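K.L.:
Structure below; questions to follow.
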Amino acid sequence: MRKLFGTDGVRGKANSYPMTADMALRIGAAAGRYFRRDRGSAHRVVIGKDTRLSGYMFENALTAGLTSTGMNVLLLGPVPTPCVGLMTRSMRADLGVMISASHNPAEDNGIKFFGPDGFKLSDQAEIEIEALIEAGVEPAQAGNIGRAKRIDDARFRYGERVKSSLPRDLRLDGLKVVIDCANGAAYRAAPEILWELGADVVPVGVSPDGKNINKGCGSTQPQIAAETVVAHGADVGICLDGDADRVILIDEKGRVADGDQLMALLAARWAEEGVLTGGALVATVMSNLGLEQFLAGKGIGLERTGVGDRYVVERMRAGGFNLGGEQSGHIVMTDHATTGDGLMAGLHFLAEMVRSGRKASDLAQQFTPVPQLLKNIRFTAGQAPLETAPVQAAIAAAELALQGRGRLLIRKSGTEPLIRVMAECEDEALLTRTVDSVVDAVTSVVAG
């Protein structure tokens with residue numbers, strides 16, 4: 001079992017275990033030792049980060065740990081997470097590291113690893129790195145210590161890769177686009193790329209100060225972007241999160257569309273063009289039943305996985321699928337990227353607007369979602385509320401009430417100390433009762 005790693009790397013509040021400078025140094029040393037190859041060529045790692053204040057601390061600590069084992073470090077600066085996956089492969093590196101807590105507040109931070117193929121590490125690799133952290137790592141001899149160097153053109157390379165995923169002759173002339181960068185990693189790259197493609201760009205969340213990432217903006221808080229779309233008469237809004245690996249869309253009326261709607265559009269379009277490999281979309285258990293019903297009506301399958309874009313990608317690679325993602329906005333197109341890429345997905349939505357000549361409101365509502373309710377309950381370290389008899393009894397009763405009419409999903413978050421309770425049902429009164437019954441049971445146990 002992994003102790004440090006969750007569903008998306010190591011994550012927590014900065015300067016609190018496990019996200020301390022000392023632990024980051026140890027993690028860097030362990031990862032460096034794990035990825036050292038048994039041959040004479042140089043050992044290389046790329047490190048990117050978002051705009052959090054603590055990113056400076058973790059960048060330096062990881063660099064110290066990695067160079068202590070003989071790894072040469074290439075520092076990319078603030079770049080989107082998919083840029084790290086791209087640069088890991090492009091630079092023929094042994095390892096890629098992204099310092100980010102994604103959509104979490106500025107006080108949090110995290111460390112995500114990418115293997116030499118540009119894809120996120122497997123559970124087994126993370127378990128082995130944890131074992132090295134616990135055992136301790138012997139540093140390299142003095143003459144074999146690694147070097148560190150800054151790479152200044154990473155975001156430009158990323159931009160060219162993102163644009164190359166679109167038809168070469170595609171331009172966005174005449175489209176007014178609000179881009180909300182969440183004061184995060186894409187605050188420079190995203191507006192630049194949209195402008196280069198010809199869009200009239202209205203930027204939001206592009207003034208990071210180290211403390212305002214995801215604060216009142218971005219994919220988890222799209223209200224300001226929605227208001228900006230309406231106020232400026234924009235054609236569409238694209239909301240990224242702090243590390244730009246997820247996207248939420250806003251139509252010209254200010255209405256929000258989640259990842260399920262975008263996946264439905266892309267899957268249907270790709271199937272029509274004959275480029276949807278495997279004949280199915282890969283999504284998590286959180287995706288709405290309405291998406292499944294929509295796809296079935298198009299003759300497209302739906303492969304469900306556990307929550308986390310890395311599990312989506314693992315299933316895509318194992319089954320030969322090229323489109324997948326999450327309701328939260330991670331959209332993965334493995335023909336073009338190794339992980340979720342919010343900007344790339346948003347551009348493909350814009351490309352469909354251009355191709356079809358239709359408005360965002362026509363394209364962003366592909367199906368009517370089955371009513372869904374999600375509630376979160378925070379717990380403290382050491383508690384295991386899902387294992388208690390009262391909670392298990394409440395879950396069993398809720399499942400029985402929903403049998404044949406909907407579904408219930410309860411899980412512990414892999415990125416925050418939260419229990420997530422989600423249900424879907426056409427009967428909204430029943431939906432509310434069943435979710436609240438489980439939430440009340442969990443809350444009671446957590447409160448003691």
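K.L.:
Hey, what does the equivalent ellipsoid look like for the stretch 312-448, semi-axes from the Cα gyration tensor as sqrt of 5 times each eigenvalue, largest first, whole Å? Please list the in-between numbers first.
P.N.:
On the way: eigenvalues 248, 79, 36 Å².
Computed over the stretch 312-448, the values are 35, 20, 13 Å.
K.L.:
Through the Karplus equation 6.51 cos²θ - 1.76 cosθ + 1.60, θ set to phi - 60°, convert the phi angles of the stretch 20-25 into ³J(HN,Hα) values in whole Hz; use x for Gly and Pro.
P.N.:
10, 4, 4, 5, 4, 4
K.L.:
I would also like to ask the following. How large is ³J(HN,Hα) for each residue in the stretch 244-251, as worked out from phi by the Karplus curve 6.51 cos²θ - 1.76 cosθ + 1.60 (θ = phi - 60°), to whole Hz, x for Gly and Pro?
P.N.:
Here the 3J(HN,Hα) series is 6, 9, 9, 9, 10, 9, 10, 7 Hz.
K.L.:
Taking just the alpha carbons, could you work out the radius of gyration and Dmax for the stretch 224-350, both in angstroms?
P.N.:
14.1, 45
K.L.:
Output the relative contact order of the chain, whole-number percent, from Cα pairs under 8 angstrom with separation of 6+ residues.
P.N.:
On the way: 1023 pairs, mean separation 58.6, N = 448.
Computed over the chain, the figure is 13 percent.
K.L.:
Please report the carbon-and-sulfur percent of the accessible area for the chain; probe 1.4 Å, protein heavy atoms only, DNA, RNA and ligands left out. Numbers along the way, then the final one.
P.N.:
Numbers: 9120 of 18240 Å².
The C+S portion of the solvent-accessible surface of the chain is 50 percent.
K.L.:
Now, a different point. How large is the dipole of the stretch 158-305 about the Cα centre if only Lys and Arg carry +1 and Asp and Glu carry -1, each at its Cβ, rounded to the nearest 20 debye?
P.N.:
Values: 14 positive and 21 negative charges, 24 e Å.
Result for the stretch 158-305 is approximately 120 debye, rounded to the nearest 20.
K.L.:
Of the DSSP beta bridges with both residues in the stretch 88-223, give the percent that are antiparallel, rounding to the nearest 5. Working shown, then result.
P.N.:
Values: 5 of 10 bridges.
Percent antiparallel among DSSP bridges in the stretch 88-223 is about 50.
K.L.:
Under 5 Å between amide H atoms, partner at least 5 residues away or on a different chain: which partners does T305 have, H built in plane at 1.01 Å?
P.N.:
Sorted by chain and number, the residues that satisfy this are A283, T284, V285.
K.L.:
Follow-up question, since we're still on this one. Using the Kirkwood radius over C-alpha pairs as Rh, can you work out the diffusion coefficient of the stretch 4-93 via Stokes-Einstein at 25 °C, viscosity 0.890 mPa s, in µm² per second? Walk me through the numbers on the way to the answer.
P.N.:
Details: Rh = 13.6 Å.
Here the translational diffusion coefficient equals 181 µm²/s.
K.L.:
For the stretch 330-448, what does the accessible surface come to per residue with a 1.4 Å probe? Please give it in Å².
P.N.:
Numbers: 5330 Å² over 119 residues.
For the stretch 330-448, the solvent-accessible area averages 45 Å² per residue.
K.L.:
For the stretch 228-307, what does the accessible surface come to per residue with a 1.4 Å probe? Please give it in Å².
P.N.:
Values: 2560 Å² over 80 residues.
Spelled out: the 1.4 Å probe surface of the stretch 228-307, per residue, equals 32 Å².
K.L.:
Once amide H atoms are placed 1.01 Å from N in the peptide plane, what residues at a sequence separation of 5 or more from V204, or on another chain, have their amide H within under 5 Å of its amide H?
P.N.:
Excluding prolines and chain starts, which carry no amide H, the hits are I179, D180, C181.
K.L.:
Pull up all non-local amide H partners of M71: gap of 5 or more, or a different chain, and H-to-H distance under 5 Å with H placed in the peptide plane.
P.N.:
Amide H neighbours of M71, under 5 Å, 5+ apart: G146.
K.L.:
Further, regarding this structure: Under a point-charge model restricted to the Cβ atoms of Lys and Arg (+1) and Asp and Glu (-1), what is the dipole moment magnitude of the stretch 11-93 relative to its Cα centre, in debye to the nearest 20?
P.N.:
Values: 12 positive and 4 negative charges, 54 e Å.
With Lys and Arg at +1 and Asp and Glu at -1, about 260 debye.
K.L.:
Still on this model: What relative contact order, as a whole-number percentage, does the stretch 49-183 give when Cα pairs under 8 Å and 6 or more residues apart are counted? Don't skip to the end; give the middle numbers.
P.N.:
Numbers: 151 pairs, mean separation 42.1, N = 135.
Once normalised by length, the contact order is 31 percent.
K.L.:
Give me the compactness ratio for the stretch 397-448, meaning the Cα radius of gyration over 2.2 N^0.38 Å. List each step's numbers first, then the result.
P.N.:
Details: Rg = 11.6 Å, N = 52, 2.2 N^0.38 = 9.9 Å.
Normalised Rg, Cα atoms only: 1.18.
K.L.:
Nearest 5 percent is fine: what portion of the DSSP beta bridges confined to the stretch 171-253 is antiparallel? Don't jump to the answer; show the numbers that get you there.
P.N.:
Working: 4 of 13 bridges.
Around 30 percent antiparallel, to the nearest 5.
K.L.:
Which residue, chosen from I111, M353, V229, occupies the Cα position most advanced towards the positive end of the dipole of the chain, where the dipole is computed from +1 (Lys, Arg) and -1 (Asp, Glu) charges on Cβ about the Cα centre?
P.N.:
I111
K.L.:
Given the DSSP H assignment, sum -39500 (n - 2.57) over each helix run of at least 4 residues in the chain and divide by its residue total; what's the result at 222 nm in deg cm²/dmol, nearest 500?
P.N.:
When only DSSP H runs of four or more count, the value is -11500 deg cm²/dmol.
K.L.:
Here's another thing I want to ask about it. Would you work out the charge dipole size for the chain about its Cα centre, treating the Cβ of every Lys and Arg as +1 and the Cβ of every Asp and Glu as -1, and quote it to the nearest 20 debye?
P.N.:
Working: 49 positive and 54 negative charges, 209 e Å.
Charge dipole of the chain: 1000 debye, to the nearest 20.
K.L.:
Given the Cα atoms of the stretch 1-150, and with Rh set as the inverse mean 1/r over their pairs in the Kirkwood sense, what is Rg to Rh to two decimals? List each step's numbers first, then the result.
P.N.:
Working: Rg = 13.7 Å, Rh = 14.8 Å.
Dividing the radius of gyration by the Kirkwood radius yields 0.93.
The values are calculated or read from the model by the stated rules, or taken from the named source; none is laboratory data. Since this is a predicted model, take the numbers as computed values, not measurements. In this analysis, Cβ positions are derived from the backbone assuming ideal geometry, glycine residues included, and neighbour counts consider all displayed protein chains. Each accessible area value is taken on the protein alone, full model and side chains, heavy atoms only, with ligands, DNA and RNA left out. Shrake-Rupley method; radii C 1.70, N 1.55, O 1.52, S 1.80 Å.
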